[in-house]
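Read through the structure below, which is laid out as structure tokens, and then see the notes.
The values are calculated or read from the model by the stated rules, or taken from the named source; none is laboratory data. It should be emphasised that the depicted structure is a prediction, and the values quoted were computed from it without experimental measurement. A quick note on method: Cβ atoms are made from the backbone with ideal geometry, for glycine too, and the neighbour counts reach across all protein chains shown.
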Amino acid sequence: MPVKNNQLRHPILTLDLNFMGINRTIAAYLIPHSNGGILIECGPGSTIGALQEGLKQHGFTTDDITDVFLTHIHLDHAGAAGWLARKGAMIHVHPVGAPHLLYPEKLLASAGRIYGELMDTLWGEFLPVPQTQLFTHEDGEDIEVSDLILCAIDTPGHANHHFAYILEDTCFSGDIAGVRLPGLPHLRLPMPPPEFHLEKWRNSLKKLSQVEFDQIATTHFGIYTDAKWHLSRAHRALDEVERWMEQVMPADLPVETLQEEFVRWARYTSQQDGLDDDLINSYETTNPSWMSAHGIYRYWKKVLNRQPEG
Ligand SMILES: [Zn+2]
């Protein structure tokens, strides 16, 4: 684990990838070091232009990026990794995700089933990463890049191929600490199929609670200095989802009805936190509730294997 020392803190530059023309939806983080810079997350292929623009604003080009650390391989986090590898970057990823970066066909086929004709518009090109530029790590491993030391923490629950990274006093949480929009005391959990797993998620949050850091950098979206509060709200959000599941799922509703129910409930919980319609829509754009409804449905049926009541 890297030694915490605020005096040695490297600057963390937030790049807004302006996904689908909407700001503050997907972030990549640039951290300069003595021989260039690293990225944590790189966004999808469709936002490479915005990534280049963001780097330029800080005096960087893609050629300066020595390493890219992916929290996981979902397209909104990792889609541009192969392209950055072509520019010379080393790509760091969870061992479970690595085969999909080498051979993306299966990953793209499964995303294609969800997004259909929108695949290209949403995600752009997904190039494979060559084996020689792909690095996997173990849980708790310290990774040195120039004068930076990052620690990878295995954090399943959103996906089995998920790492959080600790750098100095910051936790880069990917999707495991939920989605939160700047300035708001409200967060939501993205629970997509096929790997959403409530118990694994809870354990991952417990694990992160035992690590020392002051701020949390979520990919969707931004850096929050109230890390303890943020994590406790993520815990609470999981508890709420669990209660909702226990109440609604035993009725064995068709997935379409379930989807409507969940969207309605997500809306209600947002209103309880004081969000207006515009803000609720922003959360829905960043983290669609219908997607989470499908993840919950699958978890209940395939993982918990719970039978309908009556
Ligand atoms: Zn994800």
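See the values below:
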read-out: Tally of residues being free of Cβ contacts under 8 Å to residues at least 60 places away in the same chain and closer than 25 Å to Ala111 by Cβ across the range 196-225; value: 3
read-out: Counted residues, the range 51-83 - those being among the hydrophobic types (A, V, I, L, M, F, W, C), in a helix (DSSP H, G or I) and either at positive phi or away from the ligand (no atom under 15 Å from the Cβ) (or both); value: 3
read-out: Any hit, the range 203-222, residues being among the aromatic types (Phe, Trp, Tyr), within 16 Å of the ligand (Cβ to nearest atom), within 27 Å of Leu51 (Cβ to Cβ) and in contact with a Pro (Cβ under 7 Å, 6 or more places away or on another chain); value: yes
read-out: Residues of the range 169-194 satisfying the condition of being among the charged types (D, E, K, R) and crowded, with 21+ Cβ neighbours inside 10 Å; value: Asp175, Arg180, Arg188
read-out: Selected residue (only one of Ile48, Ile40 is under 15 Å from Leu15 (Cα atoms), more than 16 Å from the ligand (Cβ to nearest atom) and among the hydrophobic types (A, V, I, L, M, F, W, C)); value: Ile48
read-out: Cβ-Cβ under 6 Å pairs, at least 6 apart or on other chains, the range 283-310 side at pLDDT 90 or above, far side among the polar types (S, T, N, Q) and part of a helix (DSSP H, G or I); value: Trp290/Gln259; Ala293/Gln259
read-out: Residue count, the range 98-110 (criterion: touching a helix residue (DSSP H, G or I) at 6+ places or on another chain (Cβ under 9 Å), within 16 Å of the ligand (Cβ to nearest atom) and not aliphatic (A, V, I, L, M)); value: 2
read-out: Flag if Arg202 is touching a helix residue (DSSP H, G or I) at 6+ places or on another chain (Cβ under 7 Å) and modelled with pLDDT of 95 or more; value: yes
read-out: Residue list for the range 135-187, filter: in contact (Cβ under 8 Å) with a residue 24 or more places away in the chain, charged (D, E, K, R) and touching a Phe, Trp or Tyr at 6+ places or on another chain (Cβ under 9 Å); value: Asp154, Glu168, Asp169, Arg180
read-out: Filtered residue count, the range 261-270, keeping only those that are under 24 Å from the mean Cα position of the chain (by Cα) and farther than 16 Å from Arg236 by Cβ; value: 4
read-out: Residue within the range 90-101 that is part of a helix (DSSP H, G or I), within 26 Å of Arg188 (Cβ to Cβ) and in contact (Cβ under 8 Å) with a residue 40 or more places away in the chain present; value: yes
read-out: Cβ pairs under 7 Å, 6+ apart, first in the range 59-73 and among the aliphatic types (A, V, I, L, M), second within 16 Å of the ligand (Cβ to nearest atom) and in a strand (DSSP E or B); value: Leu70/Val93; Ile73/Val93
read-out: Some residue of the range 102-114 being of a type outside the set (Phe, Trp, Tyr), under 17 Å from Phe135 (Cβ atoms) and part of a helix (DSSP H, G or I); value: yes
read-out: The range 178-192, residues that are within 12 Å of the ligand (Cβ to nearest atom) and aliphatic (A, V, I, L, M); value: Val179, Leu189, Met191
read-out: Residues satisfying the stated conditions in the range 84-97, i.e. within 16 Å of the ligand (Cβ to nearest atom) and out of contact with any helix residue (DSSP H, G or I) (no Cβ under 8 Å at 6 or more places or on another chain); value: His94, Val96
